[in-house]
Amino acid sequence: METLLSSIAILSQWQVLVALLLGSIGGVIIGALPGVGAAVAIAILLPATFAFEPIVGLTLMLGVYGSSMYGGAIPAILINTPGTAVNALTTYDGYPMTKRGEGHRALSLAYSASFFGGIFSVVCLILLSPLLAMIAPHFGSREIFLAALLGIILVVLAHRGQVFAAGMLASFGIFLSTIGLEPVKYTKRFTFDMTWLTSGINLIVVVLGLFAISQALLLLVDKDHKPGEARVEGNLFSGLSELFRFKRVASVSSSLGVLMGMIPGVGEFTAQFLSYTYAQKTSKTPDEFGNGAPEGLIASEAANNAVPGAAMIPLLALGIPGEALTAMMLSVFYVHNVIPGPQLFQGQLDFVIAIYIALILLNVIVLAFLLSSTNLLLKIIQIPTRFLGVMILTLSFVGVYSLRNSITDCAIASAFGVFGLILKRLNLPIVPIILGMVLGGIMEVKLRSAMARVKSPLDFVDRPIAAVLFVMILLILILHVRTVIREHKSKRLQETSSNSDTSTQQG
């Protein structure tokens, strides 16, 4: 009881409440602006959070992270333009409902399903994080190294069709983490006698370059676009009761969102497609999917909003981020000397519970805001994309310069901004670079620590958890190779059959 009261006292500070309110409402607005997204907003906010108390900075970022997908559903449903990439599937059934005059119903169902998925994931976070934290003390250096390696492998393999590129970019991220003074003997690496490289490549500079500056450049070089006008008429509260008619779809979709959110590198897209497929396969009216099926809309929104809370489970319990946004949050923890993992649950349980309560309040605030202010929000998001690009670029450089008052950092961020623009133009992933930088440093320190007590390769996996993680890595790699071989054989068979058909027709 004392811990709960202490958590409430932490949250009741006016700075925390303001951060929660601004993050929640700001995240909805950012999510509703096509072409921006939570990653850009968090990248811009990241330097500012270092000046705040840990709970204030994290609450602000959690607000943006957890609420952006709520906002992304609005343009997806009303004007067939997803606010964030993960709301693309929402257009399948949301926009057809709008075209037949059910825009208010579609929005109401989307808000209700998002709220259900968000709360469901927070409940899972509360239940599962302590269990993982109880197991975590058994993680030594070698177990943490293998867990981080597993995370990178899963992230790389999640990019189907781009595995090689994702692997190379993750390796590039790991390389970036090695530049500067190495963490054990403090010798210089890859600095080439350049003093500005001695302190290494700052993660926040890279994040701002790859996410914010690259997105600003993308908005500036593309044609200027202004979201179409739309207005919602009708009762937005009806979806709260209608959701109970589809409670099975909402529950299963939220569960899949939690499961996918806990696995590094999988995330919202996989959760959405699995949920959508499940809803369609078990529906009594599968032909309606893609033409305005409420079940499809619920499956999509419940799944993607269940992922953020679930992604916090490995972050809080093990200190291992699963994707770029949680990697950014991890940097806020470290800057304030708050180390996620079992020690956080043992020494700062009130801080952890405060995060839980903040996540619940965030969903309540967002739902209340959306139900009462959707039409106002539709007016706010009528901003030309090039103006947005200029604003993002300006805020990005202000954020980079404020880190260390360094023009060099601005130049590095610009270079990564151009690199990020090239990657986006080539449709290559950016996330592996960030995870490589974050997990690369962890892996190096833990590997060097473990090797002091390892005399043979088998000694590295002679403990139960290490052995399980090693077997998981081997199985995942073997299954992936097997899948690639099958796909290659299938492709060759198709080519052979098509060639034989062509020769038969010619004969």
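The values are calculated or read from the model by the stated rules, or taken from the named source; none is laboratory data. Everything quoted here is computed from the prediction, not taken from an experiment. Glycine gets a Cβ as well: all are built from the backbone with ideal geometry, and neighbour counts include every protein chain shown. Protein only, heavy atoms only, side chains kept; ligands, DNA and RNA dropped before computing areas. Shrake-Rupley method; radii C 1.70, N 1.55, O 1.52, S 1.80 Å.
What net charge do the residues around Arg463 carry, taking every other residue with its C-beta under 10 Å from that of Arg463, with Lys and Arg at +1 and Asp and Glu at -1? Local charge sum for Arg463: -2.
Roughly how many Å is it from the Cα centre of the range 331-359 to that of the range 454-481, as a whole number? When both Cα centres are located, 30 Å separates them. Database remark: amide H of Thr191 closer than 5 angstrom to the amide H of Gly180 (H placed geometrically; neighbours at sequence offset of 5 or more, or on other chains; Pro and chain starts carry no H). Stretched out straight at 0.36 nm per residue, the stretch from Leu376 to Asn427 would grow longer than its current Cα-Cα span by 14.9 nm.
A protection proxy built from the mean count of other Cβ atoms within 10 Å ranks the segments 4-17, 308-321, 290-303, 242-255, most packed first, as 290-303, 308-321, 242-255, 4-17.
For the cross-link pairs Lys223/Lys379; Lys223/Lys281; Lys99/Lys223, which exceed 28 Å when the distance is taken from alpha carbon to alpha carbon? Cα-Cα > 28 Å for Lys223/Lys281; rest within. Binning the alpha carbon pair distances of the range 403-507 at 5 angstrom intervals from zero yields the distribution 2, 9, 8, 10, 12, 11, 10, 10, 11, 6, 4, 3, 2, 1, 0, expressed in whole percent.
The gain in end-to-end length when the Ala415 to Asn337 segment is fully stretched comes to 25.1 nm, 0.36 nm per residue minus the alpha carbon separation.
Highest mean first, how do 357-370, 102-115, 396-409 rank when packing is the count of other Cβ atoms within 10 Å averaged over residues?
Values: 357-370: 20.6, 102-115: 25.5, 396-409: 17.1.
Descending mean neighbour count gives 102-115, 357-370, 396-409.
Couplings for the range 453-462, taken from phi via the Karplus curve 6.51 cos²θ - 1.76 cosθ + 1.60 with θ = phi - 60°, read 10, 10, 9, 9, x, 5, 4, 5, 10, 8 Hz in order; Gly and Pro are left as x.
For the pair Val163 and Ser241, label points projected 7 Å from Cα toward Cβ lie 5.1 nm apart. Contact order, relative form, for the chain: 27 percent (alpha carbon pairs under 8 Å, 6 or more residues apart, mean separation divided by residue count).
Compute the FRET efficiency between Ile478 and Leu458 as 1/(1 + (r/R0)^6), taking r as their Cβ-Cβ distance and R0 = 22 Å, and round to the nearest 0.05.
For R0 = 22 Å, the calculated efficiency reads 0.70.
When peptides 19-26, 178-185, 440-447 are ranked by their average number of other Cβ atoms within 10 Å per residue, the highest-first order is 19-26, 440-447, 178-185. The distance between label points at Asp193 and Ile383 comes to 4.8 nm (points 7 Å beyond Cα on the Cα→Cβ vector).
On the accessible surface of the chain, probed at 1.4 Å, how many percent belong to carbon and sulfur atoms? Ligands and nucleic acids excluded, carbon and sulfur reach 66 percent.
Spacing of the modelled spin labels on Arg492 and Asp222, each 7 Å from Cα toward Cβ, amounts to 4.0 nm. The charge dipole of the chain, taken about its Cα centre with unit charges on the Cβ atoms of Lys, Arg (+1), Asp and Glu (-1) only, comes to about 740 debye. Taken per residue, the accessible surface of the chain reaches 45 Å², heavy atoms only and a 1.4 Å probe.
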